[in-house]
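Working notes, beginning with the structure itself.
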Amino acid sequence: MTVTHATFTLERTYHAAPARVFGAWADPAAKARWFGGETHELDFRTGGDWLDKLGEELK
């Protein structure tokens, strides 16, 4: 299943330093520890892509 969205907004408050929160999103190994799944790619540039593969595609 492929889901495509034009944009999204995520707002959260974390009780951690900004560098630590950014690292949890930017480092695929760190993100896998709290998000699960197999693949994590996030291009932080404007217009960048975000890919999270959490398991096998259902048919």
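The values are calculated or read from the model by the stated rules, or taken from the named source; none is laboratory data. All figures in this text were calculated on a predicted structure; none of them were measured in a lab. When we count neighbours, we look across all protein chains shown, and the Cβ atoms used for this are built from the backbone with ideal geometry, even at glycine.
Within the range 40-59, the set of residues being outside any loop (DSSP other than H, G, I, E, B) and surrounded by fewer than 11 Cβ atoms within 10 Å (Cβ to Cβ) comprises LEU51 only. Tallying residues that are in contact with a helix residue (DSSP H, G or I) (Cβ under 9 Å, 6 or more places away or on another chain) and at pLDDT 75 or above within the range 41-59 yields 4.
Among residues of the range 1-30 that are within 19 Å of LYS53 (Cα to Cα), those with a Cβ under 7 angstrom from a residue that is of a type outside the set (Phe, Trp, Tyr) and surrounded by fewer than 10 Cβ atoms within 10 Å (Cβ to Cβ), sequence gap 6+ or separate chain, pair up as MET1/GLU57; MET1/LEU58. Restricting the range 43-59 to residues that are in contact (Cβ under 8 Å) with a residue 12 or more places away in the chain and under 16 Å from THR4 (Cβ atoms) leaves a set whose member that is farthest from the chain's Cα centre (by Cα) is GLU57. Taken over the range 1-33, the criterion of being more than 13 Å from the chain's Cα centre (by Cα) and either under 20 Å from THR46 (Cβ atoms) or surrounded by 10 or more Cβ atoms within 10 Å (Cβ to Cβ) (or both) is satisfied by THR4, HIS5, ALA6, THR7, GLU11, ALA16, PRO18, ARG20.
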